[in-house]
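One structure is given below, encoded as structure tokens.
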Amino acid sequence: MPSSMGKLHGVPELPPHYLPRAAYLAGLKQKLLAGDANVGITGQSSAVGLQGMGGIGKTVLAVALAHDSETQQIFSDGIYWLTIGQKPSLLDLQNQLLRQLTGSKETLTTDQEAKDALCEALQGRPALVVVDDAWTLDAADAFPVTAPPSRLLITTRNNEVLVGLGAAEHRVDVLLPDDALKMLTEWVGEKSPDKLPPEAAEVAKECGYLPLALAMIGAMIRLQPTPWKDALGRLQRADLEAVKRTFPDYPYPDLLRTIEVSVEGLDSADRERYLDLAVFPEDQPIPKEESRVLWNLDEADTRDCMMRLVARSLATWATDGASLILHDLQRDLIHKRREKDLPGLHLGLVEAWNALPKLPDAYAWRWVGYHMVQAGRKDDLRRLFLDFNYLQAKLFATDANALIADYDYLLEDKDLQLVQSALRLSANVLARDPRQLAGQLTGRLLSNISPGIEALLKQAAERKGWPWLRSLKCSLTAPDGPLIRMLEGHTSRVTAVVVTPDGRYVVSSSADHTLRVWDLATGQTKTTLQGHTSRVSAVVVTPDGRHVVSRSWDNTLRVWDLATGETKTTLQGHTSRVWAVAVTPDGRCAVSGSADNTLRIWNLATGETKTTLQGHTSSVRVLAVTPDGRHVVSGSWDNTLRVWDLATGQTKTTLQGHTGWVTAVAVTPDGRHAVSGSADHTLRVWDLATGQTKTTLQSHTNAVVVTPDGRHVVSGSAGHTLRVWDLATGQTKTTLQGHTSWVTAVVVTQDGRHVVSGSADHTLRVWDLKDGEEILTFTGDGEVSGCIAARDNRTIVAGDDFGRLHFLRIVEADETKPSPCEVKISLLSNSG
């Protein structure tokens with residue numbers, strides 16, 4: 001194929017004994033290639049049956065057009081085929097097309113999001129999208145082919161679809177008598193219509209000149225073999241009135257009668273197997289493995305039976321060459337014939353799967369819920385939908401959309417609807433990283449105390465197949481409405497979090513003017529600290545854990561009694577916003593920095609200013625007290641840092657070198673060095689004794705933290721990465737890549753093993769400090785604005801810009817645990 005010819009994506013092969021209808025094809029091609037409107041193929045009266053499998057109908061005409069070399073040259077970007085049907089999963093089909101167009105593996109989770117992405121992907125591309133068998137306007141409209149050079153071709157039996165889309169109509173009628181005889185000639189293996197017996201014309205008439213009917217009868221005559229007189233007799237004897245009684249108001253009784261005759265023409269074993277195919281959902285390919293189980297045959301005999309059905313035009317091959325597709329009229333008939341036996345057929349499939357250690361293929365994972373409902377096993381299905389191992393395994397085997405859709409089978413169950421809502425809220429996260437299922441479910445459902453959900457979350461908490469962050473409270477948007485949960489916590493951005501020295505409590509500050517004290521074990525609010533009249537921008541805890549000191553944009557600091565929640569002292573004196581605060585190691589004094597260009601040292605017992613430190617010529621934004629409590633290092637928007645003697649209030653050293661304002665500062669554990677970050681995109685390591693720059697580290701400025709051993713510094717960047725620097729050499733040891741937006745918070749666990757980072761990309765990531773590998777990710781609902789690690793090195797508290805605190809615990813991987821898809825899925829209860 002020349003490189004200028006578009007490739008075919010999912011386009012079926014032309015049927016056997018294909019009879020070209022040149023006039024129809026030429027007219028369709030002219031409308032499609034010359035006009036500006038999209039084109040639809042419809043049928044007149046009984047010609048809706050022309051959407052046949054073995055003859056020439058709407059679908060076959062579209063297939064012929066796709067295989068036409070001129071069409072492929074015009075649509076050089078490719079021809080993309082989508083089969084819709086009566087009950088399509090439009091989101092799955094949208095994602096399928098998007099993956100074909102872009103090569104992306106991403107799974108989008110809403111129809112509109114996928115529609116927008118398709119519109120962008122098709123912009124300016126000479127591509128043809130064929131939407132086959134669209135029953136509704138919504139189904140066709142899900143694929144936005146809005147402007148040349150891309151085009152949309154629709155096959156439908158509903159003209160309202162074309163009117164709604166403004167598509168040009170191309171009608172296809174039944175075959176002319178001569179063409180019908182030509183088709184029969186091909187199917188029965190004769191060289192010319194002249195070789196056909198007189199009964200052939202009557203057979204064609206009894207078939208209504210419908211291509212599908214002609215194909216089935218022709219195959220029966222050739223393969224049975226059935227004499228022409230017998231075929232005609234069967235058609236004439238078939239009780240049309242009985243068909244009409246069985247399918248009242250059905251618009252295609254002639255075609256149903258022909259299908260009935262073709263089915264009866266099978267040998268008894270194949271007839272029963274064909275009727276058993278009614279167990280499969282409509283508009284879905286029927287896979288070979290499930291057919292083998294249903295028919296109780298080996299693989300070779302299963303394939304042979306499938307080939308016999310295709311040869312008789314009772315089915316056609318799907319594009320994978322291993323599955324069958326039934327025309328919807330064929331399925332209607334066999335479904336009616338097997339109606340009473342269907343529950344047992346469904347149960348047979350379910351019982352076969354239950355004997356396996358895992359479900360065998362993609363079909364089983366996607367449709368197990370359907371078959372269990374049809375088998376009358378709703379109680380077992382409910383247990384399955386509350387089984388964490390099943391949920392995790394299905395998520396890996398399919399995708400988030402398929403897992404969410406499962407719950408539609410049991411819409412009346414309140415517990416299951418809560419789980420479905422939680423999954424829907426988490427869909428964008430799970431589409432990128434299925435391993436976050438446990439964290440997402442616990443973060444959204446912990447407030448629900450029903451026994452079923454409690455058991456599900458207990459299973460999730462025990463998951464150790466890989467490391468993950470376990471929520472200790474319901475900190476993500478709850479499925480029963482975020483407003484209820486919001487009343488339990490902050491109502492605006494969390495600005496800072498800190499853990500008390502005993503590890504029992506977390507204190508958070510917020511733009512909602514309050515602080516909250518949380519019980520780390522339960523995640524519940526212990527006390528709300530109210531008094532500030534503006535944004536509370538930071539909080540620190542005194543070393544004895546009895547008090548916290550907060551700073552605010554109301555120009556004050558407050559000292560709070562943690563036991564009572566009362567304000568002990570209000571520290572007043574700054575004349576502008578307080579930007580920074582720290583407490584001395586002995587817990588007796590606090591140091592604050594302000595937009596009034598000064599620092600103040602406060603006596604925490606009396607609330608009085610001990611000393612005002614003056615020298616900066618612009619706002620003091622960051623500060624750190626040395627471990628010995630003798631000095632404080634401040635950073636300012638005047639591009640300098642100053643080292644102050646806390647006893648005298650005098651500047652000991654001015655650290656000069658940055659060419660932009662100072663945004664971060666940290667002191668090494670030995671108190672000998674300070675590390676600062678600046679808007680000039682550098683980090684500087686300073687010798688605090690001499691005031692000299694020891695090392696300049698290029699490119700990272702956002703957040704700075706020194707490791708507990710004092711050997712490394714970790715910095716975050718607006719460039720979406722973190723860096724681990726060797727303080728002795730000034731060289732980058734590791735670059736931590738994974739965030740997709742700026743890094744807002746960095747902390748190192750006290751054991752020095754892990755780096756925890758928060759980002760505007762809504763994620764919290766945990767990294768192995770030794771090798772720089774990302775070991776787990778937790779995705780929240782908003783930008784992570786701050787985080788802290790507790791003394792146990794496992795518990796992490798993170799705040800976001802929605803006012804939520806996420807209480808998380810690192811769950812280490814257990815290599816002895818099987819992966820989800822190796823877990824035995826028990827589908828039936830013991831009483832089943």
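The values are calculated or read from the model by the stated rules, or taken from the named source; none is laboratory data. The structure displayed is predicted, hence computed values, not measured ones. Quick reminder, even Gly has a Cβ in these numbers, built from the backbone with ideal geometry, and neighbours come from all protein chains shown. SASA here: full protein model, heavy atoms, side chains in, ligands and nucleic acids out. Shrake-Rupley method; radii C 1.70, N 1.55, O 1.52, S 1.80 Å.
Values computed for the structure shown
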read-out	value
The range 274-305, subset charged (D, E, K, R) and in a loop (DSSP other than H, G, I, E, B), residue farthest from residue 328 (Cα to Cα)	298
Conditions (1) closer than 23 Å to residue 368 by Cβ; (2) open to solvent by 50 Å² or more (accessible area, probe 1.4 Å); (3) modelled with pLDDT of 95 or more; number of the one not met by residue 285	(3)
Residue 307, sole failed condition from (1) open to solvent by 30 Å² or more (accessible area, probe 1.4 Å); (2) closer than 17 Å to residue 274 by Cα; (3) touching a residue at least 24 places away in the same chain (Cβ under 8 Å); (4) not charged (D, E, K, R)	(3)
Candidate set from the range 196-215 (those that are assigned to a loop (DSSP other than H, G, I, E, B) and over 26 Å from residue 59 (Cβ atoms)); member that is nearest to the chain's Cα centre (by Cα)	196
Some residue of the range 96-106 being without any contact (Cβ under 8 Å) to a residue 24 or more places away in the chain, open to solvent by 10 Å² or more (accessible area, probe 1.4 Å) and either of a type in the set (Lys, Arg) or touching a His at 6+ places or on another chain (Cβ under 6 Å) (or both)	yes
Where a residue in the range 256-273 is within 11 Å of residue 334 (Cβ to Cβ) and open to solvent by 40 Å² or more (accessible area, probe 1.4 Å) and its partner, wherever it lies, is in a helix (DSSP H, G or I) and aromatic (Phe, Trp, Tyr), with Cβ under 7 Å and at least six apart	273/295
Boolean, residue 652 is touching a His at 6+ places or on another chain (Cβ under 8 Å), within 26 Å of residue 772 (Cβ to Cβ), basic (Lys, Arg) and without any contact (Cβ under 8 Å) to a residue 40 or more places away in the chain	no
Residue list for the range 535-557, filter: among the basic types (Lys, Arg), farther than 16 Å from residue 599 by Cα and either open to solvent by less than 50 Å² (accessible area, probe 1.4 Å) or in contact (Cβ under 8 Å) with a residue 40 or more places away in the chain (or both)	535
Verdict on residue 405 being part of a helix (DSSP H, G or I), of a type in the set (Gly, Ala, Ser) and under 20 Å from residue 460 (Cα atoms)	no
Subset of the range 648-670 (residues that are open to solvent by less than 20 Å² (accessible area, probe 1.4 Å) and of a type in the set (Gly, Ala, Ser))	649, 660, 664, 666
Leading residue by the ranking (modelled with the highest pLDDT) among those in the range 127-140 that are in contact with a helix residue (DSSP H, G or I) (Cβ under 7 Å, 6 or more places away or on another chain) and open to solvent by 40 Å² or more (accessible area, probe 1.4 Å)	136
Sole residue being at pLDDT below 85, hydrophobic (A, V, I, L, M, F, W, C) and in contact with a Gly (Cβ under 9 Å, 6 or more places away or on another chain), chosen from 802, 778	802
Criterion: of a type in the set (D, E, K, R), at pLDDT 95 or above, in contact with a helix residue (DSSP H, G or I) (Cβ under 9 Å, 6 or more places away or on another chain) and open to solvent by 30 Å² or more (accessible area, probe 1.4 Å) - qualifying residue of 301, 361, 332	301
Residue within the range 715-734 that is within 27 Å of residue 599 (Cβ to Cβ), in contact with an Asp or Glu (Cβ under 8 Å, 6 or more places away or on another chain) and not in a strand (DSSP E or B) present	no
Matching residues, the range 619-647, being open to solvent by 10 Å² or more (accessible area, probe 1.4 Å), part of a loop (DSSP other than H, G, I, E, B) and closer than 22 Å to residue 692 by Cα	627, 628, 629, 630, 637, 638, 639, 640, 646
Residue check, residue 390 open to solvent by less than 30 Å² (accessible area, probe 1.4 Å) and either touching a strand residue (DSSP E or B) at 6+ places or on another chain (Cβ under 6 Å) or part of a loop (DSSP other than H, G, I, E, B) (or both)	no
Test set (1) under 20 Å from residue 265 (Cβ atoms); (2) surrounded by fewer than 17 Cβ atoms within 10 Å (Cβ to Cβ); (3) among the hydrophobic types (A, V, I, L, M, F, W, C) - residue 322 fails condition number	(1)
